[in-house]
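What follows is calculated from the coordinates using simple rules that are stated; it is not laboratory data. Computed from a prediction, not measured in an experiment: that's the story for all the values here. Using ideal geometry, Cβ is built from the backbone for each residue, glycine included, and neighbour counts are taken over all protein chains shown.
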Amino acid sequence: MLMYGRSWQRGKARVTSIVTGSAGFIGRVLTELLIDAGEKVIGIDRRQQPSRPGLTELTADLLEDDDLVRAALESADAVFHLAGCPGVRDTAPGIGSRRHRDNVLAGARVLSLVPERVPLVVASSSSVYGGARDGRASRETDQVRPVGGYAESKVGLERLCAARVERRRPTAVVRPFTVAGEGQRPDMALSIWLEAARGGRPLRVLGSLDRTRDVTDVRQAAQAMMDLAGSCGVVNVGTGRGRTLREMADAVAEALDTEVVFAVEPATTAEPSDSLADVRRLRSLIGWSPETDLTDVVRRQAGALQPATAVAP
């Protein structure tokens, strides 16, 4: 992997960064970090975004021929491509075509418009590994083993990036592990568990409470992506530490000051037993790796959900 660092910023009065998917879970946090660092940000999303100083909002679909989107991507100093169709467990009708459209075709569109000299960070997923192998951490050099349509679509996106990476253009393909914190999508485990615990319902557990996940604080995941701009190649973003589902459930109980009970169900083949990131490459590139305070991140996530819960019918 070739490391460029952030030397591309030198000599620029003010950097303009593009964030696609800027209204999403990680995209919102990344946008805030970039603005706080003094950068001008253009956020591209199909959803409306909250206005804030330093942000230019473009409400658009990446696959539509929008002149403003084209001009932004062609003239940016750095691009963070986070937009896509999320949801490992989504089985809704037409989900396969939506994943291909939003994860593969939209990625191809971004790659076609962003000049190769411009630092590009592309969000893939740790799901491409199919879980940890024999309990060891997943390495970027491991052969991918996608299970399910979501993981397969992310492998398709990575393949599109491969030629640019091989030419040693500044293209970081990021594989985030389980990201948690305020704004987490409602279909993810901690969000589901917090809602269930608040309602006095059992926490639905797939497989076993002994299964593990590499839980990454969304603030640190976004910071790592920001720091990776200018690097080239595939890189994990995680902590390198597995947390059991039981530990995660305990953090939910502590955050809400309540007791929880469980409803354990069989896991599907798309649900890996364990996930764990090898973070040595990440550390070599940016000098640090995330360290998640599980209690704090779940408490923040629970606090962010409270206002919406209070007004729900």
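Brief remarks follow.
- Förster radius 51 Å - calculated FRET efficiency between Glu259 and Ser97, Cβ distance, rounded to 0.05: 0.75
- Mean ellipticity per residue at 222 nm, deg cm²/dmol - from DSSP H runs of n ≥ 4 across the chain, formula -39500 (n - 2.57): -10500 deg cm²/dmol
- At R0 = 41 Å, FRET efficiency that the Cβ-Cβ distance of Arg201 and Thr59 yields, to 0.05: 0.70
- Converting phi to 3J(HN,Hα) with the Karplus coefficients 6.51, -1.76 and 1.60 and the offset θ = phi - 60°, segment 270-278 yields 7, 9, x, 5, 9, 9, 7, 9, 7 Hz in sequence order, with x at every glycine or proline.
- Judged by the mean number of other Cβ atoms found within 10 Å, the most tightly packed of the peptides 296-302, 244-250, 65-71 leads the ranking 296-302, 244-250, 65-71.
- By DSSP, the beta bridges lying fully in the chain are antiparallel in about 10 percent of cases.
- Less than 5 angstrom separates the built amide H of Gly207 from those of Glu265, Ala267, all sequence-distant by 5 or more or on a different chain.
- Here the Karplus curve 6.51 cos²θ - 1.76 cosθ + 1.60, taken at θ = phi - 60°, turns the phi angles of segment 53-69 into couplings of x, x, 10, 9, 9, 10, 8, 7, 9, 4, 8, 8, 7, 8, 4, 5, 5 Hz, with x standing for Gly and Pro.
- Option label - Cα extents along the principal axes in Å computed here, alternatives [x] 55, 50, 38; [y] 58, 44, 30; [z] 55, 45, 40: [z]
- Remark on Arg201: its backbone amide H falls under 5 Å from none of the residues 5 or more positions apart or on other chains, H modelled at 1.01 Å from N.
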